[in-house]
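What follows is calculated from the coordinates using simple rules that are stated; it is not laboratory data. Computed from a predicted structure; not experimentally measured. A quick note on method: Cβ atoms are made from the backbone with ideal geometry, for glycine too, and the neighbour counts reach across all protein chains shown.
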Amino acid sequence: MPLENSTNQAHYIEYLGIKALKSKHPGVRKIKRQQQGHSAHGNKVWRSSFVLMDYLTTYPPEEHSKVLDIGCGWGLTGLFLAKQYSAHVTGLDIDESVAPFFALQSEVNQCEMTFEARSFESLTSQELSTYQTIIGTDICFWDEMTTPLFIMLGLAIEAGVERIIIADPGRPPFWDLVDRCAEAYGAEVVTRRIYEPWKTEKYMLVIEK
Ligand SMILES: C[S@@+](CC[C@H](N)C(=O)[O-])C[C@H]1O[C@@H](n2cnc3c(N)ncnc32)[C@H](O)[C@@H]1O
């Protein structure tokens, strides 16, 4: 196996049957060297993904359902759903520089999901109508993101998406999104804590139809 695809345990965190690549993974280091100077936000797997994975073990999607992971970064949660629940997942990220990390993480986990380099703002109602579930982790970190997310989620609900779950560490723009979605779409917030691989607590905005 080439070094880039290392399955050396020091190079990843294994969680719920999925390997999350660490920055010292040789494949990750190689991609980062190639992308030197690029300031992507998707430069690691964010902790909210682990908490959402844990939440989804309690409330899993139906087998083979279609899931959209918005702002997927390296795609950890989507890969987990593809592997453990045979979900057909599309990961979407505005930053195409996350694509090689995403591809490497898919390869190391030997599971597949589709990746599209585009913004969630570009999703049409017709496209949204093909998904049962939308997930997102740590995707509401600037004030300017709240309104486009709120609008896109409204479009998704209208298009018939059955469940939306956005996990977040609790930044102010996320709470703004929560307030607006609670009023307009009946969203709820769930607090979820995990103890492995670290003790951490995150918040889930949940909309169910
Ligand atoms: C903090 S990272 C989280 C990545 C991943 N969800 C995780 O938890 O590991 C935020 C991601 O959202 C993406 N993003 C930001 N704005 C976006 C937009 N308008 N449409 C799609 N993706 C976006 C960024 O490129 C980045 O990869």
Protection-proxy order for peptides 62-70, 141-149, each taking the mean of Cβ atoms within 10 Å per residue, highest first: 62-70, 141-149
Angle, helix 47-58 long axis vs. longest principal axis of the chain, Cα atoms, 0 to 90°, nearest 10? 70 degrees
Provide the per-residue ³J(HN,Hα) series for the stretch 10-15, in order, calculated from phi with Karplus coefficients 6.51, -1.76, 1.60 and θ = phi - 60°, each as a whole number of Hz, with x at glycine and proline positions. 6, 9, 8, 10, 9, 9
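Using packing as a proxy for protection, rank 99-111, 180-192 so that the peptide with the highest average count of other Cβ atoms within 10 Å comes first.
In descending order of packing, they fall as 99-111, 180-192.
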Quick calc: nm separation of the 7 Å Cα→Cβ label points for GLU14 and GLU116 -> 3.5 nm
Once phi is turned into ³J(HN,Hα) by the Karplus curve 6.51 cos²θ - 1.76 cosθ + 1.60 with θ = phi - 60°, what whole-Hz value does each residue of the stretch 143-158 show in order, with x for glycine and proline? 4, 5, 8, 4, 5, x, 5, 4, 5, 4, 5, x, 5, 5, 5, 4
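Rank-order 28-36, 113-121 by packing density, defined as the average count of other C-beta atoms within 10 Å over each peptide's residues, highest first.
113-121, 28-36
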So what's the angle, to the nearest 10 degrees on a 0 to 90 scale, between helix 76-85 and the longest Cα principal axis of the chain? 80 degrees
Could you tell me which of ALA167, LEU123, MET145 has its Cα farthest along the dipole of the chain towards the positive end, charges placed at Cβ (Lys, Arg +1; Asp, Glu -1), taken about the Cα centre? ALA167
Which residues qualify? For LYS66, with a placed amide H closer than 5 Å and at least 5 residues away or on another chain, they are HIS88, GLN132, THR133
Calculated SAXS-style log₁₀ I(q)/I(0) at q = 0.08, 0.16, 0.17 Å⁻¹ - the chain, Debye, Cα scatterers: -0.25, -1.05, -1.18
Hey, how many Å between the Cα centroid of the stretch 90-106 and the Cα centroid of the stretch 131-209? 21 Å
Angle check, please: helix 99-109 long axis (alpha carbons) against the longest principal axis of the chain (alpha carbons), in degrees 0 to 90, nearest 10. 70 degrees
Under 5 Å between amide H atoms, partner at least 5 residues away or on a different chain: which partners does GLU116 have, H built in plane at 1.01 Å? GLY91, LEU92, ASP93
